[in-house]
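Participant: One structure, pasted below without further comment.
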Amino acid sequence: MNMSRAVDGAELLVPYELRPDRSARYFARIVGKWLLRLAIFVLAIMALHLLITSDTIEWHVVAQYLTAPAILQGVITTLVLTAIAMIIGILLGGLLALMRLSNSLLLNGVTSLYLWFFRGTPLLVQILFWYNLASFIKRISIGIPFGPSFISWNTNDLISPLTAAILALGLNQAAYMCEIVRAGILGVDEGQLEASAALGMTSSRAFRRIVLPQAMRIIIPPTSNNAIGLLKDSSLVSVISMTELLYAVQQVYSRTFQTIPLLIVASIWYLMMTTVTSIGQYYIERHYGRGTRRDQRLSAVARITVMFRKNLLSVVKVG
Amino acid sequence: MMNGSSNSDDIVVKCVDIHKSFGSNHVLKGIDLQVKASEVLCIIGPSGSGKSTLLRCINYLETPDSGDIIVHNQRIGVYTKKNGQRAPLPGPELAKQRRRLGMVFQHFNLFPHMTVLGNLIEAPVGVRGLSKADARALARDLLAKVGLGDREDAYPAQLSGGQKQRVAIARALAMGPEVMLFDEPTSALDPEIVGEVLEVMRFLSTEGMTMLVVTHEMSFVRDVADRVVFMDEGCVVETGTPQEILLAPKVARTAQFLERLL
Ligand SMILES: Nc1ncnc2c1ncn2[C@@H]1O[C@H](COP(=O)(O)OP(=O)(O)O)[C@@H](O)[C@H]1O
Ligand SMILES: [Mg+2]
């Protein structure tokens, strides 16, 4: 640079030169990126070709069974089973979380034991265990412990595939929900409770009106993940002949031997259900996200666009 | 009873021999303090001297180990059983007492999931039992008073620090407190914003609000305080008018503290 030129203050500013990068590494990167895109494109075409032209898939069979009454009944059972188990999971999990957060050593201990068992054993084992409860506990009765009982049932009458499935999925879900709810409540700033108390709120009101709505923001994303997981895991109860979606499909292909087309039918339904759940998650999150963003006036469309662009960008970067 | 009541009438808050320890850390070592009606009492002192703890003991966010907090002749947080023994007040009763003491925190602690108006009507409706319409009218009055009449639909995240703190002050006022406790209300604010919050507090004092203010803003202490308390290591070291404390401290520790501030 010509130093003598720099007398005036403005002259000191060296203009920033945007020189195009022409190094070998730069070109290698560009070529690499395009090669990768090409490879993915070719693989996708191959996969599509396989799906469309394969003899084993038999798309007309898929179409035939997709809305068959037996399959639809299975879909409904899967949905109902997931919903009931999720509700049990959320309610019991919430209760367990409160027990875990309490100062009582006894309640803490009970919760720890619960989590230890239900998270430490495979769900499949738990399903089989509940189904075979009758061989372990013969009768279930309500009454005075070790004293007279008022009502009593034969466990075998009580435990159908349905009740075993609900118990297994619900109790297992509760163990996971407990940790999610607990983390959500702990994630709310302590100052919020102090401000509530200083305003004269009772602790139960402060929990209901101030802590819980804020905890929901933290609780909902992992909860919908769990709901999606549960939707899929509910297929495990096919092992106890609970006629949900997978078992309904199995019953058909054990007769017709059209295994692959029917598994595709099941997959299509599972994908539809998980997709709808994900969309629901977006709206619930938006509801509980009130007040967390500065740009409140951004429309839903604009926000989805932003979300999409962010995700897309990260995918491209990874690629 | 007779002789005491005549001159204790205009005493709003009285602390008698308050002790508080956290584990082995003796934070408050016998604090005696009185705040008269319409008085602005400023508490100054080095960080860690127990100022926040004292304020939090007054509305029982912390439970004192011993001593009495008395607000208008009513003991806070404890009651005397029929057999004469003292027992901690049950939660809901304590919550009722706390409505009489407004508190403003250093970090605002606004409810982020509610609008400004929502923040202001939450406790008046849910706790004080006002109708929604009445609570809204009251909230709008207070927002106008703190200069935020046009921001009632904003969420806290959309406000500046100074605006947040003014909302927090309005929120505490909405409960109609007999005394306002301020714990370093401007310490989390950028210097150029501090003034707008102090202005609101100054206005409150002209309206006759009884105030207990922990602060490091010496200009506020000088201009607004009726009395100043200097605290150090859990003790009240010195009490006096702003002139006495700021200009002619009697105790060496007070002088040292003030010197370091300037
Ligand atoms: N909840 C608490 N648990 C343990 N120690 C605390 C707690 N609150 C305050 N302290 C301690 O009490 C002392 C006084 O704190 P504080 O009242 O916040 O002082 P100040 O407000 O004057 O800066 C400090 O040593 C602090 O560490
Ligand atoms: Mg403090």
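The values are calculated or read from the model by the stated rules, or taken from the named source; none is laboratory data. Model, not experiment: these values are computed from the prediction. Virtual Cβ from ideal backbone geometry, glycine too; neighbours counted across all protein chains shown. Surface accessibility is based on the protein's heavy atoms, side chains included, excluding ligands, DNA and RNA. Shrake-Rupley method; radii C 1.70, N 1.55, O 1.52, S 1.80 Å.
Participant: Over every pair of different alpha-carbon atoms in the protein assembly as shown, take the mean of 1/r and invert it; report that Kirkwood radius in Å.
Facilitator: Result for the protein assembly as shown, one decimal place: 30.1 Å.
Participant: Only helices at least 20 Å long along their own axis, judged from Cα atoms, and with Kyte-Doolittle mean hydropathy of -1.0 or greater: name those in chain B from DSSP H.
Facilitator: Span-like helices here: B:191-206.
Participant: Which of the trypsin sites (Lys or Arg not before Pro) across the stretch A:118-173 are loop residues per DSSP, with 13 or fewer other Cβ within 10 Å?
Facilitator: When the trypsin sites (Lys or Arg not before Pro) of the stretch A:118-173 are filtered for loop state and at most 13 Cβ neighbours within 10 Å, A:LYS138 remain.
Participant: Order B:MET180, A:MET99 by their accessible area, 1.4 angstrom probe, all chains in place, largest first.
Facilitator: A:MET99, B:MET180
Participant: Further, regarding this structure: Here is the link list: B:LYS51/B:LYS81; B:LYS14/B:LYS82; B:LYS20/B:LYS51; B:LYS29/B:LYS51; B:LYS29/B:LYS82. Which ones come out longer than 22 Å on Cα distance?
Facilitator: The answer is B:LYS51/B:LYS81; B:LYS14/B:LYS82; B:LYS29/B:LYS82.
Participant: With a cap of 11 neighbouring Cβ atoms within 10 Å, and only residues DSSP puts in a loop, list the GluC sites (Glu not before Pro) found in the stretch B:189-262.
Facilitator: B:GLU207
Participant: How do B:ASP134, A:ASP55 rank by accessible surface area computed with a 1.4 Å probe, from largest to smallest?
Facilitator: Ranked from most to least accessible, the order is A:ASP55, B:ASP134.
Participant: For chain B, take the convex hull of the Cα atoms, compute a quarter of its surface area, and give me that in nm², please.
Facilitator: Mean projected area of the Cα convex hull: 15.8 nm².
Participant: Heavy atoms of the protein only, probe of 1.4 Å, neighbouring chains included. What is the accessible area of B:VAL146 in Å², nearest 10?
Facilitator: 10 Å²
Participant: Name the shape class, rounded, prolate or oblate, that the alpha-carbon gyration tensor gives for the stretch A:75-200, where a ≥ b ≥ c are the square roots of its eigenvalues, rounded holds for a/c under 1.5, and otherwise prolate holds if a/b is larger than b/c and oblate otherwise.
Facilitator: Judged from the Cα gyration tensor, the stretch A:75-200 comes out prolate (a/c at least 1.5, a/b above b/c).
Participant: Okay, moving on. Roughly how big is the A-B contact, given as buried accessible area in Å² (both sides, 1.4 Å probe, nearest 100)?
Facilitator: 2100 Å²
Participant: To continue, here is another question. Looking at the stretch B:128-221, which trypsin sites (Lys or Arg not before Pro) are in a loop (DSSP not H, G, I, E or B) and have at most 15 other Cβ atoms within 10 Å?
Facilitator: none
Participant: Carbon and sulfur atoms: what percent of the 1.4 Å accessible area of the stretch B:12-103 do they account for?
Facilitator: Carbon-and-sulfur percentage of accessible area, whole number: 47.
Participant: What residues of the stretch B:224-244 lie in the reach of a label at B:HIS19, counting those whose backbone N is under 15 Å from a point 7 Å from the Cα along Cα→Cβ?
Facilitator: Residues B:234-235 qualify, since their backbone N sits under 15 Å from the label point.
Participant: I would also like to ask the following. In the stretch A:65-288, carbon and sulfur make up what percent of the accessible area (probe 1.4 Å)?
Facilitator: C and S atoms contribute 68 percent here.
Participant: Provide the net charge surrounding B:PHE257, with neighbours chosen by a C-beta distance below 14 Å and charges set as Lys +1, Arg +1, Asp -1, Glu -1.
Facilitator: 0
Participant: Next question. Are there residues in the stretch A:195-211 whose accessible area shrinks by at least 10 Å² when all protein chains are included rather than the chain by itself, and which are they (probe 1.4 Å, ligands and nucleic acids not counted)?
Facilitator: A:ALA195, A:ALA197, A:ALA198, A:LEU199, A:GLY200, A:MET201, A:THR202, A:ARG205, A:ARG209, A:ILE210
Participant: Treat each spin label as a single point 7 Å out from the Cα along the C-beta direction, and report the A:LEU66 to A:LEU36 distance in nm.
Facilitator: A separation of 3.4 nm, rounded to one decimal place.
Participant: Compute the acute angle (0 to 90°) between the alpha-carbon long axis of helix A:259-288 and the principal axis of greatest extent of the alpha-carbon atoms of chain A; round to the nearest 10°.
Facilitator: 70 degrees
Participant: Specify the longest stretch of chain A that does not include any exposed loop site, a site being one of the chymotrypsin sites (Phe, Trp or Tyr not before Pro) with a non-H, G, I, E, B DSSP assignment and at most 16 other Cβ atoms within 10 Å.
Facilitator: Between the exposed loop sites, the longest stretch runs A:17-135.
Participant: Here's another thing I want to ask about it. Just from the alpha-carbon atoms, what are the Rg and Dmax of the stretch A:65-288 in angstroms?
Facilitator: Gyration radius and largest Cα-Cα distance of the stretch A:65-288: 20.7, 70 Å.
Participant: Further, regarding this structure: For the protein assembly as shown, give the magnitude of the charge dipole about the Cα centre (Cβ charges: +1 Lys/Arg, -1 Asp/Glu; no others), in debye to the nearest 20.
Facilitator: 1380 debye
Participant: Here is a further query. Roughly how tilted is helix A:245-256, in degrees to the nearest 10 and between 0 and 90, from the longest Cα axis of chain A?
Facilitator: The angle comes out near 80 degrees.
Participant: Which positions within the stretch B:113-155 get 10 Å² or more of their accessible surface covered by the other protein chains, compared to the chain by itself, with a 1.4 angstrom probe?
Facilitator: B:HIS113, B:MET114, B:GLU122, B:ALA123, B:GLY126, B:VAL127, B:TYR155
Participant: As a test of the definition: which semi-axes, in Å, follow for the stretch B:102-211 when you take the square root of five times each eigenvalue of its alpha carbon gyration tensor? Largest first, please.
Facilitator: The equivalent ellipsoid of the stretch B:102-211 has semi-axes of 20, 16, 12 Å.
Participant: Next up: To test your reading of the geometry: what angle, between 0 and 90 degrees and rounded to tens, separates the Cα axis of helix A:161-186 from the longest principal axis of chain A?
Facilitator: Orientation of helix A:161-186: about 40 degrees from the principal axis.
Participant: I'd like to check one number: the per residue accessible area of the protein assembly as shown, probe 1.4 Å, reported in Å² as a whole number.
Facilitator: 55 Å²
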